[in-house]
Amino acid sequence: MARVAVVTGGTRGIGRAICQQLKSDGFSVVANYGGNDEAAQQCADELGIEVRKFDVGDHDAVLAGCAAITSDIGEVDIVVNNAGITRDGTLHKMSYDDWHEVMRINLGGCFNMAKACFPGMRERGWGRIVNIGSINGQAGQYGQVNYAAAKSGIHGFTKALAQEGARSGVTVNAIAPGYIDTDMVAAVPEPVLEKIVAKIPVGRLGQAEEIARGVGFLCSEEAGFVTGSTMSINGGQHMY
Ligand code: CAA
């Protein structure tokens, strides 16, 4: 029976490309999403995968959502923590809510999903967790103290949990995407984005599929010796 993979924020952008990759790699894929029912339905129809709506920042909702996936589809062997939001603004304009929502969803979501799925992976002796960090968690970014802190936290979370899973066949890794051609990046004001792209050595935005291929590798059998690592996929913008 195919292993079950859950991708949070999996119905659009990078998450959707990850779902497509993992499906073509032979996994039974479930895309979680938070709000956009129309995009979720389209994703389900086009990719032929299950979609499940729950808020990854809500601990109880995640436990219930993952329990339902387990009983309806099977034990979760792979989690890709991809769900994330931006609430950009310089610190003096950033509200507490902008700070808290980004921490709750982007970093809290990783904790909640791990609480729901990591114990079972350990018991069964196999698992893969891939957390989607960011170049901006590695290098910082003007106007993103909330997002950079949450993404930086993801990198620490990854290295700590990797140590806890290593003896049980559960690998935990991160991917740090650079600027990828998604709705999230399209929301950056054009003159600002132009300046950012000008600093990318490869000379263009990345494609979601280029992140997805990295996730596919980290979820494979062959990647069993890779744990606690961060794969930077950023066109050379930050060499970490
Ligand atoms: N470094 C130094 N100064 C900067 C700067 C930078 N990187 N960016 C802007 N400034 C300066 C501007 O030049 C401007 O100064 P002047 O008035 O002297 O010209 C001043 O800061 C204010 O800039 P804005 O007019 O842009 O201010 P704003 O309040 O309208 O907007 C902002 C601020 C929301 C942070 C906006 O600059 C912005 O959206 N920046 C992009 C942030 C970003 O990169 N977000 C990434 C989103 S995608 C993502 O996060 C995915 C991922 O993982 C990569």
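Since every read-out is calculated from the coordinates, none of them should be taken as a lab result. As the structure is a computational prediction, the values presented were derived from the model and not from experiment. With ideal geometry, Cβ positions are generated from the backbone for all residues, glycine too; neighbour counts draw on all protein chains shown.
Here are the numbers:
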item	result
Failed condition for Pro119, given (1) away from the ligand (no atom under 15 Å from the Cβ); (2) touching a strand residue (DSSP E or B) at 6+ places or on another chain (Cβ under 7 Å)	(2)
Residue in region 18-29 that is farther than 23 Å from Glu222 by Cα, free of Cβ contacts under 8 Å to residues at least 60 places away in the same chain and among the hydrophobic types (A, V, I, L, M, F, W, C) present	no
All positions within region 134-167 that are near the ligand (Cβ under 8 Å from one of its atoms) and outside any helix (DSSP H, G or I)	Ser134, Gln141, Tyr142, Gly143, Gln144
Pick from region 156-176, criterion closer than 25 Å to Gly143 by Cβ and touching a Ser or Thr at 6+ places or on another chain (Cβ under 6 Å), ranking: surrounded by the most Cβ atoms within 10 Å (Cβ to Cβ)	Ala174
Residue list for region 217-240, filter: out of contact with any helix residue (DSSP H, G or I) (no Cβ under 8 Å at 6 or more places or on another chain) and of a type outside the set (Ser, Thr, Tyr)	Leu218, Glu221, Glu222, Gly224, Phe225, Gly235, Gly236, Met239
Residues within region 158-189 that are acidic (Asp, Glu) and under 23 Å from Ala212 (Cβ atoms), tallied	2
Per-region count, region 122-133, residues under 20 Å from His155 (Cβ atoms) and more than 13 Å from the ligand (Cβ to nearest atom)	4
Count - residues of region 78-106 that are loosely packed, with under 14 Cβ neighbours inside 10 Å and touching a residue at least 24 places away in the same chain (Cβ under 8 Å)	2
Verdict on Phe118 being of a type in the set (Phe, Trp, Tyr), assigned to a helix (DSSP H, G or I) and under 15 Å from the mean Cα position of the chain (by Cα)	no
Members of region 73-100 that are within 14 Å of the ligand (Cβ to nearest atom), of a type in the set (D, E, K, R) and closer than 27 Å to Ala162 by Cβ	none
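Conditions tested, residue by residue: (1) under 19 Å from Gly84 (Cβ atoms); (2) basic (Lys, Arg).
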residue	(1), (2)
Gly13	yes, no
Ile18	yes, no
Ser28	no, no
Asn32	yes, no
Asn36	yes, no
Gln42	no, no
Lys53	yes, yes
